[in-house]
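Notes to accompany the following structure.
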Amino acid sequence: MRGPAARFTLLIAGATVAAAAAAFLVPDRDGLAAALESAGGLNPFLAVLGTWLLILAMVPRTALAFVCGLLFGLGPGAGYVLVGALLGASTAFLVGRLLGREFIDGVLSREHAGWRGSLAARMARLDHWLGRNGVIGVVTVRFLPIAPYGLVSYAFGTSATRYRDFLFGSAVGVLPSTLGYAALGAAVFGPSAASMGVAVVGGLGLLSLVVTIGLHRVRKNEPRPSPGPSRPDNLNMVRR
């Protein structure tokens, strides 16, 4: 376990440093505006790249959406942030998978006594559920602002959630709030964007809710697998 434990410790240390650095990486509007003005046609690329890197540093995605809406307007700003956020989430997920998944799988597969055994059993059931219902889990967590966007992405990488489920769930879960905050930023210079943003966010929020309920019903109606070992082989699930 030395190798997995060391990688997991590196993941925790890196996430802690990134969280501390996020406090000093809050975007400055005047500095960004000057940089984008000098960049010319590279503006979209810089906006996506900046969002990507800042997401990895756990800068709040909502703040990035607001700033991009302020600088680029509702449509382009939301688009740039969405692409950059999904790239950042994907990178964080893969880092979590490489550095933390093997350690978590080893902890959950070991026998524990007392309260530790009970907790490990609960976590193993949750991990197994995420391996089968990752889209629902990701969409639910993305809708609830319980933790920074980047931190959640690292955490999902250590779970049995499949990458395609994570990516799709992230896209569905963050689209309404990304448009909403971009609309707020755009409304600083164009008040009409606010009402448009409210309408778009409301419609997409309803659509996301319908998609989530539909996925839940589909998963619920799927035939259950035959009983097997009490503890799932999560590592094999991840390597499929």
Requested in this report: Could you run through region 76-94 and say how many residues are touching a residue at least 12 places away in the same chain (Cβ under 8 Å) and farther than 16 Å from residue 148 by Cα?
Outcome: 6
Query - Condition met for residue 72 (over 15 Å from residue 159 (Cα atoms) and touching a Leu at 6+ places or on another chain (Cβ under 7 Å)) - result: no
Report task. Residue by residue through region 105-154, note down the ones that are over 19 Å from the mean Cα position of the chain (by Cα) and aromatic (Phe, Trp, Tyr). Result -> 115
Query - Matching option when the condition is among the acidic types (Asp, Glu) and modelled with pLDDT under 90, among 105, 165 - result: 105
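The values are calculated or read from the model by the stated rules, or taken from the named source; none is laboratory data. Everything quoted here is computed from the prediction, not taken from an experiment. No Cβ is skipped: glycine too gets one built from the backbone with ideal geometry, and neighbour counts run over all protein chains shown.
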